Ligand code: ZN
């Protein structure tokens, strides 16, 4: 067992894995596949124009699976599919205060893909971390807008 430095905070600012993102060529084909696999249909389909994606969400117990299809041929999902094919795209962590987490992670040398939180799918404020700075994984931070600290 390696020694893990003790934390000063009483809890992690990462609350849980919010969802796993999976890149697909076509929601028309992937939704029936995942419905057969998971045994439930998607509970929502949502377009996020600013991110260039159409998303489809499935519930799996307390967890969520997000399918992502590109809205246009040169968007980030299209580029990912061209390079790596369909499959695991990102892991999203729920945080209490996305701005605080962004500030901490920036300070710790992680490369943020936006300076400000952006409106993501499924009522979330989101920010991505570049895989180059995060062990090869694309990381998404999510703060539910119900816990909104952006306004006011
Ligand atoms: Zn996501």
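The condition of being within 15 Å of the ligand (Cβ to nearest atom), within 15 Å of the chain's Cα centre (by Cα) and either farther than 29 Å from residue 33 by Cβ or exposed (fewer than 12 other Cβ atoms within 10 Å of the Cβ) (or both) holds for only one of 139, 98, that being 98. Residue 110 satisfies every condition listed in (1) farther than 20 Å from residue 46 by Cβ; (2) within 13 Å of the ligand (Cβ to nearest atom) except (2).
Rundown of residues vs (1) over 14 Å from residue 90 (Cβ atoms); (2) modelled with pLDDT of 95 or more, yes/no style:
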site: 10; (1), (2): yes, no
site: 13; (1), (2): yes, no
site: 23; (1), (2): no, yes
site: 29; (1), (2): yes, yes
site: 33; (1), (2): yes, yes
site: 37; (1), (2): yes, yes
site: 41; (1), (2): yes, yes
site: 51; (1), (2): no, no
site: 55; (1), (2): no, yes
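Taken over the range 61-70, residues that are modelled with pLDDT of 95 or more and away from the ligand (no atom under 11 Å from the Cβ) amount to 2. Among residues that are touching a residue at least 40 places away in the same chain (Cβ under 8 Å) and either within 16 Å of the ligand (Cβ to nearest atom) or on the phi > 0 side of the Ramachandran plot (or both), residue 80 is included.
The values are calculated or read from the model by the stated rules, or taken from the named source; none is laboratory data. Quick caveat: nothing in here was measured; it's all calculated off a predicted structure. Virtual Cβ from ideal backbone geometry, glycine too; neighbours counted across all protein chains shown.
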